[in-house]
Structures are given as structure tokens and as C-alpha cells.
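This report concerns only the one structure given below.
The values are calculated or read from the model by the stated rules, or taken from the named source; none is laboratory data. Remember, it's a predicted structure, so these values are computed and weren't measured experimentally. Cβ placement follows ideal geometry from the backbone for every residue including glycine, while neighbour counts extend to all protein chains displayed. Heavy atoms of the whole protein, side chains included, go into the accessibility calculation; ligands, DNA and RNA do not. Shrake-Rupley method; radii C 1.70, N 1.55, O 1.52, S 1.80 Å.
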Amino acid sequence: MGDLGRVGNRETPVILSILVLEDLAMAVYLPIITALLAGVSLAAGSATLAIALGVAGAVLFVAVRYGRHISRFVSSDDPEKLLLVVLGLTLLVAGIAQQLQVSAAVGAFLVGIALSGEVAEGTHTLLSPLRDLFAAVFFVFFGLHTDPASIPPVLLPALALALVTAGTKIATGYWAAKRAGIGVKGRWRAGGTLVARGEFSIVIAGLAVTAGIEPALGPLATAYVLILVVIGPLTARYTEPVAAWVSSRRTPPAAATLAAMPTQPGSREDLKDQAQDPAGRA
């Protein structure tokens with residue numbers, strides 16, 4: 001969104017809210033799928049889920065209720081101290097979350113929720129270069145574990161999955177933005193921006209491959225994410241213009257011309273307004 005200059009758009013809070021809900025859902029889903037792949041009993045799986053829900057709920061409660069106090073404790077005028085404190089707090093919470101059978105990424109995400117105000121803004125500025133660096137390292141590591149020869153056999157299923165999920169994400173963003181009262185263009189922009197999000201697919205596929213359930217899931221997830229990496233920026237930029245073009249093509253020329261004409265005294269719109277307002281007719 002920052003690359004497209006849409007950070008200040010009205011649909012941006014809707015997009016961020018959906019991404020937050022996705023991450024919270026993964027906080028519950030990852031412990032469940034891990035327990036299932038490990039072949040644990042129902043009681044052990046239920047205990048894992050209860051721990052995950054309890055930890056996520058507790059951290060969210062602390063973040064909402066005492067977020068200002070946490071931000072005040074972390075706050076520092078020295079950028080180096082602020083960076084070290086935030087990184088240390090993130091590693092601490094992520095490590096505790098990992099030990100409690102909750103994803104470390106979810107723990108780090110909850111730390112970000114707990115920070116607010118000037119601390120959040122300053123931390124965002126400091127961590128932006130590290131975010132870009134770690135994103136590059138992630139894809140380098142991802143490429144090292146990718147066998148190019150394993151991608152062509154699963155290319156068609158991955159393409160089908162990408163098209164289905166892209167359509168559902170666009171529909172989700174459109175519906176959520178509509179519920180928030182965003183205009184039609186903003187609805188399409190919200191839907192198109194959500195498409196380029198498929199990182200958790202690698203995590204889930206990696207768990208399945210490690211457990212020896214289905215080795216083909218690794219190449220499938222790789223091809224799926226690579227397709228999303230390509231089409232994601234395109235949908236974010238061109239979904240709204242394409243939707244506007246399709247809408248204009250489907251609009252009858254006479255109706256479009258009538259809608260573009262200025263309203264004149266005595267026109268159909270004026271007569272309709274007068275019929276609805278007897279006082280104005282008197």
C-alpha cells in the first residue's frame with residue numbers, strides 16, 4: 001500500500017483489519033494442524049488448542065488494556081535503545097509463545113499490537129529497513145529449498161488454487177469495504193490488495209512435508225506462492241481500473257449520456273423531487 005501511495009485511503013483500515021483477523025485465526029489454526037500432523041490424542045490436541053487460545057487471549061487483553069503502559073515502558077528518546085528494547089521484547093514474547101505451542105510469529109505479532117502512539121511510529125521507522133532485509137532473506141531461503149524440476153508437474157493445480165483464492169480474497173475485500181461504507185472504487189482496491197498474501201501456505205505445507213504426510217505439498221505451495229507473488233502486485237494496481245472499465249462497458253450508452261447531462265429546471269429529476277416534496281410545489 002505504501003508503494004502505491006494508498007496508506008491514507010479510506011479502505012486501508014479495512015485491509016489492515018482483515019490481515020489482523022487472518023493472523024489471529026492462524027494463532028488458533030497452527031497449533032491445531034501441528035497437533036493433527038503429530039498424531040496426538042484428542043485430549044492432547046484439545047489441551048494444545050486451549051493453551052493457544054489462552055495465550056492469544058491473554059496477550060490481546062494486556063495489549064488492549066495496558067498498551068499505553070507498555071508503550072511508556074518501552075519508550076526512549078534514543079533510537080538505539082528503542083530498537084534494542086523492542087527486539088528484546090519481541091524475542092522474549094515469541095520464545096514464550098513457541099514454548100506454549102503457539103507460533104512464534106503470532107507472539108511477535110501480538111507485541112506489535114501492544115505498542116501504540118509515538119513508540120509504534122518510531123519503531124515502524126526503525127524496523128522498516130530490517131523488514132525489507134528479512135523479507136529478502138526469507139525468499140532466498142525459500143529459493144534454496146526449491147527444486148525447479150518439481151514445479152512444472154504441479155503448476156496447473158497451483159494456478160487453479162491461485163485463481164480461486166484470488167477471487168475469494170477480492171470478494172472478501174469488496175464485501176468488507178462495502179460494510180464499512182467505502183465507495184465502489186475503494187472496495188475493488190481493498191479486494192485487489194489482499195491477493196498478495198500467501199506466506200502461511202509455506203508454513204502449513206512445511207509442517208505437512210516434515211511430518212511425512214504428503215511430500216508433493218511442498219512444490220505445490222512453492223508454485224502457489226510464486227504465482228501470487230507475480231499476480232499480487234498486478235491485482236493491487238489494476239483491479240479497480242479493470243472493474244471500472246468493465247462497468248463502463250456494461251452501462252448502456254443512453255443511460256450513461258443521461259447520467260452525464262446536467263439537471264435542468266423542469267427535468268424528470270426536478271419533477272420527481274417536487275412530487276416527493278409537496279411544500280416545494282405549493
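What is the set of long-range amide H partners of S116 at a cut-off below 5 Å, with H atoms built 1.01 Å from backbone N?
Here the answer is S71, since their amide H atoms fall under 5 Å of that of S116.
R0 = 51 Å: FRET efficiency of A244 with Y66, Cβ-based, nearest 0.05?
Once rounded, the FRET efficiency stands at 0.65.
Using θ = phi - 60° and the Karplus form 6.51 cos²θ - 1.76 cosθ + 1.60, what ³J(HN,Hα) does each residue of the stretch 171-182 get, whole Hz, x for Gly and Pro?
Values, residue by residue: 5, 5, x, 4, 5, 5, 5, 5, 4, 8, x, 7 Hz.
Between L84 and I51, how high is the FRET efficiency from 1/(1 + (r/R0)^6) when r is the Cβ-Cβ distance and R₀ = 25 Å? Nearest 0.05.
Efficiency computed from Cβ-Cβ geometry: 0.25.
Hey, rough spin-label estimate for L92 and I32, points 7 angstrom out along Cα→Cβ, what's it come to in nanometres?
Here the answer is 3.2 nm between the modelled labels.
Determine, from the Cβ-Cβ distance of A180 and D77 and an R0 of 30 Å, the FRET efficiency 1/(1 + (r/R0)^6), rounded to the nearest 0.05.
The calculated FRET efficiency here is 0.20.
In nm, to one decimal, how far is the modelled label at A58 from the one at A136, with both set 7 Å along Cα→Cβ?
According to this spin-label approximation, the distance is 3.9 nm.
Any idea of T172's accessible area? Nearest 10 Å², probe 1.4 Å.
Number for this one is 70 Å².
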